[in-house]
Structure formats: structure tokens, C-alpha cells
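First up is the structure itself, then whatever we jot down about it.
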Amino acid sequence: MAQDVFISYATLDKRIADTVCATLESNNIKCWMAPRDILPGIDFAESIINAIEECRVFVLILSKNSSISPHVLREINKAASNSIAILSFIIEEVTLSKSMEYYLSTDHWLNAISPPLSKHIHNLALTVEKLIKELDKKDQNEQNLETGLSFKQVEEFSKKVRQETSMELMPKAKKEPATKAQIIVDGSGRGDYPSIMPAVAAASPGQTIIVKAGSYKEKIFIDKALKLHGEGKDKVKISFDSDSVLEVNGQRGLEIQGLSFSPGGGRINKPVCLLKGSLLFKDCRVVGGEKGIHIHSGSPVLQDNLIERNLNGIYIDGLSSPIIENNHCTNNDCGIFFAVQAEGKASANRCTKNTVGIIVSDHAAPELSENFCSDNQDSGISYLKNSSGKAVSNECKKNTHGIAVLDNSKPNLEQNLCTQNREAGIFYNGRAVGTARANDCSRNNTNGIQVTYKSQPLLEGNQCSRNKLVGIAYLDTAAGTASYNHCIRNDLHGILVRAQAQPTLEGNQCNENKEAGIAYFDNARGLARSNVCRGNRVTDITVNGQATPIIG
């Protein structure tokens, strides 16, 4: 056989798939995974089909991402049709489509939701090794049978693995428990419990705990799938003095909503709410922590929350991929902070009156869409260090900079509205690269887009009009390409290139500016060709000082 294991995964889970692959191969288990093992010039689909047909075991990294991937479903279909043993490695709670459930409902499952993930990956390697040995025995004893295990044999093997490794196996098609009576928490003594934690301890998975209005001074820890519903974030106040107020190791079905969380004695140097795993956190208020909400792992969903007066309102790190939508983050140092290798999505959030609305740092790569980042002291959105990701259709107004791209970051900025900022609409500094495409950077108090130091972004199809200074400004030793931008009716120039900057300017519309359409100063260089500069008040293209651009 060419390989022992085929690893099937969704692209967003590649980091975990790489770790699984490295661990298996360190145990002398040959693995195949795309795109690593696809040879140049070989058809992508053909390579995958051949690899599945030749493998002994099909390992599925099962997550929300892979559960909805049509490519993963086709790979599972191929493995099942070839009677290959499928081993599902569950990294988060997920509801399967009926198509995927059809193929996996009687298969072998390993639950890797609870941290640490490294322990589960180690156990996965042991399981795969044992499964391959079983297949080798089967090949020796039953030469005329197919290589893959039957469903009955997989079930028998599952029992054996459970005894040998003490691992948790989770069968699919497990139904939700029937709805049970609600548990009532009422601090006045008129409910089932006067405080929350005894109710949490007594609740069965699937039960609902209703918390009546009042103040509760206790630390809450939840590690089961239940519903903790307060009567409203303005009515139910939970506080704790010396530690995080809420810690959650979430599971599918866990819901927390309608509650207010804050330190009892002022701001603490810990997260107010520490979230791990999968859960719904909705319509709550979080105030007064070093981190208001700290998402440390998993894929929680945060909706409609008020996050205020924290150092970092929502802080995401680790292998986290949350969905953060419709929250209001205000009066924090940072409204939403993506750090380390965090991914996920933040959409339709209001980040106002913070120092920075949203920060993306380290190697984080989230998707930011339709957020409203206004009246922040510094930037609406800031990219730092080696961050990347995409920002689409965000509105960044009345900040110092609308969007700041700094250090070695390389985001894709598309269709954002960056207007009425105190300085630039989009500001590049450091060695930043990436792309800015089809953004509206108009009516800012300095420049529409400013590119400084050694930045080299691609600026394409942006609207940079009616700014107080320049549509696009290149300073220091900045470079990169600006093509097909509209730099119209600015108070100075359409495009300014000065100091030792040397960009390529191509196909831009630089019309009706109050001084020059394109202006070169100092020792500026670069190439300008096929630009349209008409109706500018002083001159269409001016070259001053020691500037030596090539103008075509």
C-alpha cells in the first residue's frame, strides 16, 4: 500500500490536520493528505481518489467546517464505497447533515472535544496503530475478503479499543434528551435554589435553569449542555471578587443568555468570562475585566451582548474559531482582539468609543464583515505583527485612522467605507503588504490612503475623493502598486509620491483636484503609465525636486 492513512479535513482545520499527520507519522504510520502529497502536474481529484482507494484507514477530522464541506462528503462517500474503515476524530460538537449521517452513523468515533487536544491526538495514533494491526491480521487469515472492515467488525473493534485505551467513543445519531421541567433559581428563596451553582450541579444535560432577577455573588463553572437563562442582563447580576466570574467548557446545546457578569470589587486581572468549546452566549453584559470575554478554544457563538469598560472587550486566542455577531463593544481599550492563531468571524458588531475598535495581531486571520467601528481614539480596525485575514464591508468612521495595517501584516481589505476619520481612511506602515480593493476612502481629514515606511500594498479600484489633503499618499520608501483608483476632487493632489517612495501607478483617474493630479517630490521614483489626469486646478502631473519617475 502507498500509505496507511488518508486524512480528510476542511481547509479551516488545516492546523489540526497537520498536527494529526505529524503525530501519526512520528509513530511510523504513513499518511496522505492534500495538498501536501499531490504531485505537480497530477490532477487534483484523481490524486485524491487514488489515495483513498489505496489507504487502509480513513481518518476524518470532524468539525463544523468539515460537516458542511461538499469535498469532505465526497471523500467519505468514496471511502465508504470502497469498504475502508472510517475513523471520525471529533474536535467540536457538530450536527451532521443527513447525507453525512448516512455514511457515519454506524462508524467508529473518537471524542476529542475536551482539552487538551494533544492527549486525544496521541490516543488517535494508538487507535490507528491497533486498527492497522487488526487489518493486517485480517489480511493474513482471510485472503479472499476485502481490505476494509465491515460495520459489525468495526463495532467489535470499538469495544476492544475502549477497553485498551479507556477512550470515550461517541455513537452518532444520538438524540437530544426529552425536555424536562425547568429549574428555578431565585435569591429570595421562592425558587428551587437560592443560588446558581447548586442548580448547575443538579441539572441534567438539556435542562433549562431560569435565574430570577437579583444579585448573585458566586463563581459559575459549567461543563455540561444545559440552558442558563436569566430574566435579562439589566435584572440578573452575577459577580465574584477574586477570580473569573464565569468559566465554561462548552458542549453543543449549552446556552447562556440574559445575564450580567462583573467583578465584585472592581476590575480584575483575569477574564470575567472564560469560554472554551462550543456554546451560545447571548444577550449578556460583561464589564470590568482585563478581558471581558476570553475565548480560549473552540467555536462559541456570541450574539447581542454588551461588552463595556474592560481592557479587552472580547479576546480570542488559541485554536479558536468563534462567530461574533451583533455585539456592542464600547469604552474598552480594545473592543475585539484576535490574537495568536485565532480565526473565526466577527460581523455586524458595533465597536464604538474604544481606544481601538478591532485588533488583529500575531498570526490571527479572522474574517471581519459589516462591523461598525466609529469614534474610537485610535483606529477603527488595526492589523499588527504578522496578521492577515479579510475585512469586507466594514464602516470605519470618525476614528484617527479608519483601518491601520502595520508591521508585517497582510490583510485583504475589500469594499470597506473609511470616511470622516481624523487622519487617513486606510493607513499602511512598517512592512505591510496585502490588498485594498474597492474601498471608499473619501472625506477624511488628511489622506484617503496613506502608505508609509517600507509598505508595499496593492491598491486597486478604490474611491479616494474629497479628502482634505491627498487621495493616495506614498511616503518614506514605500512602494507597491496603485491601479484603477479614483482620486478625484481632493484638496491637494490626487496621488502624492515623495521622499524615496517608488510605487507603480497605472490606470488611475486623478481628476479635478485642487493642485496636481499626480505629484512627485523629493527623491521620489517609480513608474506612472496610462493614468488619466484631467481638470486639475494647477497641473495634471508635476515632478519637483530630485524626483525621477518614469512617466509613460
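Going by what's in this entry, would Asp375 be described as out of contact with any strand residue (DSSP E or B) (no Cβ under 8 Å at 6 or more places or on another chain) and not hydrophobic (A, V, I, L, M, F, W, C)?
no
Out of the strands (runs of 3 or more DSSP E) lying entirely within the range 376-479, which hold 2 or more residues that are within 20 Å of Cys351 (Cα to Cα) and of a type in the set (Asp, Glu)?
So the answer is none; nothing clears 2.
Which condition does Gln463 not pass, out of (1) polar (S, T, N, Q); (2) buried (at least 24 other Cβ atoms within 10 Å of the Cβ); (3) under 29 Å from the mean Cα position of the chain (by Cα), if it passes all the others?
Single failed check for Gln463: (2).
Taking into account only those residues within the range 419-442 that are surrounded by fewer than 24 Cβ atoms within 10 Å (Cβ to Cβ) and under 13 Å from Ala473 (Cα atoms), which is nearest to the chain's Cα centre (by Cα)?
This residue is Asn429.
Every residue, every condition in (1) free of Cβ contacts under 8 Å to residues at least 40 places away in the same chain; (2) basic (Lys, Arg), yes or no:
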{"position": "Ala438", "(1), (2)": "yes, no"}
{"position": "Val451", "(1), (2)": "no, no"}
{"position": "Gln463", "(1), (2)": "yes, no"}
{"position": "Arg466", "(1), (2)": "yes, yes"}
{"position": "Ile488", "(1), (2)": "yes, no"}
{"position": "Thr504", "(1), (2)": "yes, no"}
{"position": "Ala516", "(1), (2)": "yes, no"}
{"position": "Val543", "(1), (2)": "yes, no"}
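Considering only residues of the range 524-546 that are polar (S, T, N, Q) and surrounded by 20 or more Cβ atoms within 10 Å (Cβ to Cβ), which is nearest to Tyr484 (Cα to Cα)?
Once the filter is applied, the top-ranked residue is Asn531.
Scan the range 215-228 for residues that are surrounded by fewer than 19 Cβ atoms within 10 Å (Cβ to Cβ) and of a type in the set (Phe, Trp, Tyr) and jot them down.
Phe221
What pairs can you find where one residue is in the range 44-64 and closer than 13 Å to Ile7 by Cα and free of Cβ contacts under 8 Å to residues at least 12 places away in the same chain, the other is buried (at least 22 other Cβ atoms within 10 Å of the Cβ) and charged (D, E, K, R), and their Cβ atoms are less than 7 Å apart, with a gap of 6+ or different chains?
none
Across the range 185-214, which residue is surrounded by the fewest Cβ atoms within 10 Å (Cβ to Cβ) among those that are farther than 16 Å from Val248 by Cα and in contact with a helix residue (DSSP H, G or I) (Cβ under 8 Å, 6 or more places away or on another chain)?
So, considering only residues that are farther than 16 Å from Val248 by Cα and in contact with a helix residue (DSSP H, G or I) (Cβ under 8 Å, 6 or more places away or on another chain), the one surrounded by the fewest Cβ atoms within 10 Å (Cβ to Cβ) is Asp192.
Which of the residues that make up the range 317-329 are part of a strand (DSSP E or B) and either under 14 Å from Phe281 (Cα atoms) or touching a Leu at 6+ places or on another chain (Cβ under 8 Å) (or both)?
If the condition is that a residue be part of a strand (DSSP E or B) and either under 14 Å from Phe281 (Cα atoms) or touching a Leu at 6+ places or on another chain (Cβ under 8 Å) (or both), then Ile323, Ile324, Glu325, His328 are the ones that fit.
In the range 14-35, which residue that is in contact (Cβ under 8 Å) with a residue 12 or more places away in the chain and in a loop (DSSP other than H, G, I, E, B) is surrounded by the most Cβ atoms within 10 Å (Cβ to Cβ)?
Restricting to residues being in contact (Cβ under 8 Å) with a residue 12 or more places away in the chain and in a loop (DSSP other than H, G, I, E, B), the top hit is Met33.
If Asn386 meets every condition in (1) in contact with a strand residue (DSSP E or B) (Cβ under 9 Å, 6 or more places away or on another chain); (2) over 21 Å from Thr481 (Cβ atoms) apart from one, which number is that one?
So Asn386 meets the others, but not (1).
Tell me the residue from Asn349, Asn354 that is in contact (Cβ under 8 Å) with a residue 24 or more places away in the chain and touching a Gly at 6+ places or on another chain (Cβ under 6 Å), please.
Checking each option against the conditions leaves just Asn354.
Can you name every residue in the range 229-286 that is surrounded by fewer than 19 Cβ atoms within 10 Å (Cβ to Cβ), closer than 21 Å to Ala203 by Cβ and in contact with a His (Cβ under 9 Å, 6 or more places away or on another chain)?
Glu255, Gln257
Is it the case, given these coordinates, that Ile268 is at pLDDT below 95 and over 19 Å from Ile222 (Cβ atoms)?
Judged against the criteria, Ile268 is a match.
Considering only residues that are part of a helix (DSSP H, G or I) and either of a type outside the set (Gly, Ala, Ser) or more than 13 Å from Phe6 (Cβ to Cβ) (or both), which ones fall in the range 65-80?
Across the range 65-80, the qualifying residues are Asn65, Ser66, Ser67, Pro70, His71, Val72, Leu73, Arg74, Glu75, Ile76, Asn77, Lys78.
Going by what's in this entry, would Ala10 be described as surrounded by 15 or more Cβ atoms within 10 Å (Cβ to Cβ), over 23 Å from Ala342 (Cβ atoms) and not basic (Lys, Arg)?
no
Of the residues that make up the range 304-314, is at least one at pLDDT below 95 and acidic (Asp, Glu)?
Scanning the range 304-314 turns up no residue that is at pLDDT below 95 and acidic (Asp, Glu).
This table checks each residue for (1) surrounded by 24 or more Cβ atoms within 10 Å (Cβ to Cβ); (2) of a type outside the set (Phe, Trp, Tyr); (3) out of contact with any helix residue (DSSP H, G or I) (no Cβ under 8 Å at 6 or more places or on another chain).
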| site | (1), (2), (3) |
| --- | --- |
| Asn444 | yes, yes, yes |
| Leu458 | no, yes, yes |
| Lys468 | no, yes, yes |
| Tyr474 | yes, no, yes |
| Asn511 | no, yes, yes |
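From the set of residues in the range 252-277 that are among the small types (Gly, Ala, Ser) and assigned to a loop (DSSP other than H, G, I, E, B), which is nearest to Leu311 (Cα to Cα)?
Checking each candidate, the answer is Gly266.
Has the range 234-246 got at least one residue that is assigned to a loop (DSSP other than H, G, I, E, B), under 17 Å from Ala199 (Cβ atoms) and in contact with a helix residue (DSSP H, G or I) (Cβ under 9 Å, 6 or more places away or on another chain)?
No, the range 234-246 contains no residue that is assigned to a loop (DSSP other than H, G, I, E, B), under 17 Å from Ala199 (Cβ atoms) and in contact with a helix residue (DSSP H, G or I) (Cβ under 9 Å, 6 or more places away or on another chain).
Do you know which residues across the range 36-53 are in a helix (DSSP H, G or I) and of a type in the set (D, E, K, R)?
Glu46, Glu53
Here are the criteria: (1) outside any strand (DSSP E or B); (2) at negative phi. Tell me which single one Asn249 does not satisfy.
Result: Asn249 passes all but (1).
The values are calculated or read from the model by the stated rules, or taken from the named source; none is laboratory data. Just so you know, these numbers come straight off a predicted model, no measurement behind them. Using ideal geometry, Cβ is built from the backbone for each residue, glycine included, and neighbour counts are taken over all protein chains shown.
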